[in-house]
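The values are calculated or read from the model by the stated rules, or taken from the named source; none is laboratory data. Keep in mind that this is a model prediction, so the values were computed, not measured. Ideal geometry is used to build each Cβ from the backbone, glycine not excepted, and the neighbour counts take in all protein chains shown. Areas reflect the complete protein model, heavy atoms only, side chains present, ligands, DNA and RNA absent. Shrake-Rupley method; radii C 1.70, N 1.55, O 1.52, S 1.80 Å.
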Amino acid sequence: MQNLFISIADHAVSLLKGDEVINLSFEGEDSDFVRFNHNGIRQPGSVRSCDVGIDLIRGQTHAQIQVALTGIAEADQARVKASIEELRARLDHIPEDPHLLYATNVNSTERKGEDQLPDRDQAIGAILRGGAGKDLVGIYAQGPIYRGFANNLGQRNWFESRSFNFDYSLYLRDDKAVKSAYAGFKWDDAEFNRKLAEAGDQLELLNQEAKTIPRGKYRAYFSPAAINEIAGTLSWMGFGLKNHRSKISSLIKMTEGDETVNPAVTMSENTAEGIAPNFDGKGFIKPDKVVMIDGGKFRDALVSPRTAKEYGEETNAAEGEEWPLSFDMAGGDLRQDEILQKLGTGAYINNLHYLNYSDRAACRITGMTRFATFWVENGRIVAPLNVMRFDESFYRMFGENLIALTKDREMILSNMTYGGRQVSSARLPGALVEAFAFTL
């Protein structure tokens, strides 16, 4: 893949005329997929794909196009040549972009993650053995993901990440199921079996009569998967400088100094330990880490090149949406074996869904519990809990009401595959919270 991209980039640069500038970005993967149903293989397959994005620039005017590559040099070069000619024709009719900013200092990099992936059949065998006797459904994906950047100044950047992700559920009946996932870089049979056994134990608990609690405020524990849903909502319009400056950020009260959260809360964009590339599509290099919330106080925003140009700031190579791609939340000191005891009486929440802001300016988030959520009394799970809607402020949940964060954190990889496997990830702890507001 790397040689293919370099060859295409060199060819594209050779086609430039006059003062034209070109930025090229590359996305590719070589993935195996296996879909499971009733603990059987229902749909195996492989995907090998590669695309190059071309941004042709003349002064402050630019035009972009995405080209699917075949891996056949003659055909790909012809497609790239035709695409550049099309972009060149467009430039005559496009107004200048006042916020266009791209790298002009050459900074070439190469980062290739160590290949520790399991043999595909080893992982599939472990899944089938572990799921014996259970109604297991899910999808397994593994393989390298590639990203690249090149420009006519001679800059070349290359990134490879090799990971696996098994997103699965154990199904009981009707709407009763336990959802879990196992993802990472090196398969560990013991860890997978531990997670599968934990999900199996919870599935047995779902067989009991479900409990409904009246609306009100309860102590609650949120698993890392549930925290991931909250982090995902917070990432939307929370951390980008563009939203802060235009006063539409969900964290506007933090950025303006009116709110803080618990000093135990630290959230970062941790590119060095994620699966996203360390460069953006404009040729800027990402810092290893951008600390967004530090000890309960807002610290640094994510700044894309466009926002940097618009507001006269330095970019930290955030993508255009200014969302964290490698979300990292610091853990606390709560041990796994202490969770139920510390929870005492309250809700144990494994998953959330349908999250949205109910009051963005106040960073209030609403959503629903999902899959295996349990009612706990005196440190013991006593019944599954029927689906509940919540409406709660981030500032209360992670501020005055935060009791503890777990010491262990979970690495969660995106299971999105629209247009290709995604490179976003999150490393998150669980959280124990007081007085969490259930509204329905």
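Side notes on the structure shown:
- Any chance GLY240 is touching a Ser or Thr at 6+ places or on another chain (Cβ under 8 Å), over 28 Å from PHE185 (Cβ atoms) and touching a residue at least 60 places away in the same chain (Cβ under 8 Å): yes
- Only one entry in GLY40, GLY28, GLY53, GLY71 is within 31 Å of the chain's Cα centre (by Cα) and within 30 Å of TYR171 (Cβ to Cβ), namely GLY40.
- Residue in the range 289-306 that is closer than 28 Å to LEU402 by Cβ, crowded, with 23+ Cβ neighbours inside 10 Å and hydroxyl-bearing (Ser, Thr, Tyr) present: no
- Condition broken by ARG245, with the remaining ones in (1) within 18 Å of the chain's Cα centre (by Cα); (2) surrounded by fewer than 23 Cβ atoms within 10 Å (Cβ to Cβ) satisfied: (1)
- Meets criteria (of a type in the set (A, V, I, L, M, F, W, C), under 20 Å from the mean Cα position of the chain (by Cα) and crowded, with 19+ Cβ neighbours inside 10 Å) for PHE394: yes
- Among the residues making up the range 226-242, those that are in a helix (DSSP H, G or I), touching a Phe, Trp or Tyr at 6+ places or on another chain (Cβ under 9 Å) and open to solvent by less than 70 Å² (accessible area, probe 1.4 Å) are ASN228, ILE230, ALA231, GLY232, THR233, LEU234, SER235, LEU241.
- Restricting attention to the range 132-153, the residues that are more than 22 Å from GLU319 (Cα to Cα) and more than 27 Å from the chain's Cα centre (by Cα) add up to 4.
- Test: residue in the range 265-281 that is charged (D, E, K, R), assigned to a strand (DSSP E or B), at pLDDT 95 or above and open to solvent by less than 30 Å² (accessible area, probe 1.4 Å): yes
- Count of residues meeting criterion [hydroxyl-bearing (Ser, Thr, Tyr) and closer than 24 Å to GLN2 by Cβ] in the range 157-200: 2
- Within the range 326-353, the only residue that satisfies the criterion of being open to solvent by 30 Å² or more (accessible area, probe 1.4 Å), in contact with a strand residue (DSSP E or B) (Cβ under 7 Å, 6 or more places away or on another chain) and among the hydrophobic types (A, V, I, L, M, F, W, C) is LEU340.
- The number of residues in the range 13-28 that are touching a residue at least 60 places away in the same chain (Cβ under 8 Å) and either within 17 Å of ILE139 (Cα to Cα) or among the small types (Gly, Ala, Ser) (or both) comes to 2.
- Filter result for ARG79 (open to solvent by 90 Å² or more (accessible area, probe 1.4 Å) and either in contact (Cβ under 8 Å) with a residue 12 or more places away in the chain or touching a helix residue (DSSP H, G or I) at 6+ places or on another chain (Cβ under 7 Å) (or both)): yes
- Within the range 336-382, being hydrophobic (A, V, I, L, M, F, W, C) and out of contact with any Lys or Arg (no Cβ under 8 Å at 6 or more places or on another chain) holds for ILE339, ILE349, LEU355, ILE365, PHE374, VAL376, ILE381.
- Pairs where the first residue, in the range 309-321, is at pLDDT below 95 and the second is of a type in the set (Phe, Trp, Tyr), C-beta under 9 Å, 6+ apart: GLU321/TRP236
- Restricting the range 301-319 to residues that are under 13 Å from ASN243 (Cα atoms) and of a type in the set (D, E, K, R), the residue that is farthest from the chain's Cα centre (by Cα): GLU310
- Matching residues, the range 413-428, being crowded, with 23+ Cβ neighbours inside 10 Å and part of a strand (DSSP E or B): LEU413, SER425, ALA426, LEU428
- When ARG364 is tested against (1) touching a residue at least 60 places away in the same chain (Cβ under 8 Å); (2) touching a strand residue (DSSP E or B) at 6+ places or on another chain (Cβ under 6 Å); (3) within 30 Å of ILE252 (Cα to Cα); (4) open to solvent by 50 Å² or more (accessible area, probe 1.4 Å), just one condition goes unmet, and that condition is (1).
Yes/no per residue for (1) touching a helix residue (DSSP H, G or I) at 6+ places or on another chain (Cβ under 6 Å); (2) open to solvent by 10 Å² or more (accessible area, probe 1.4 Å); (3) not in a strand (DSSP E or B):
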{"residue": "PHE5", "(1), (2), (3)": "no, no, yes"}
{"residue": "ALA12", "(1), (2), (3)": "yes, no, yes"}
{"residue": "ASN23", "(1), (2), (3)": "no, no, no"}
{"residue": "GLU27", "(1), (2), (3)": "no, yes, no"}
{"residue": "ARG35", "(1), (2), (3)": "no, yes, no"}
{"residue": "VAL47", "(1), (2), (3)": "no, yes, no"}
{"residue": "CYS50", "(1), (2), (3)": "no, yes, no"}
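- The condition (being touching a Ser or Thr at 6+ places or on another chain (Cβ under 7 Å), among the aliphatic types (A, V, I, L, M) and crowded, with 20+ Cβ neighbours inside 10 Å) is satisfied by just one residue among ILE65, ILE84, ILE54: ILE54.
- In summary, strands (runs of 3 or more DSSP E) completely within the range 106-218 and bearing 1 or more residues that are open to solvent by 60 Å² or more (accessible area, probe 1.4 Å), free of Cβ contacts under 8 Å to residues at least 60 places away in the same chain and of a type outside the set (Phe, Trp, Tyr) occur at 109-112, 156-173.
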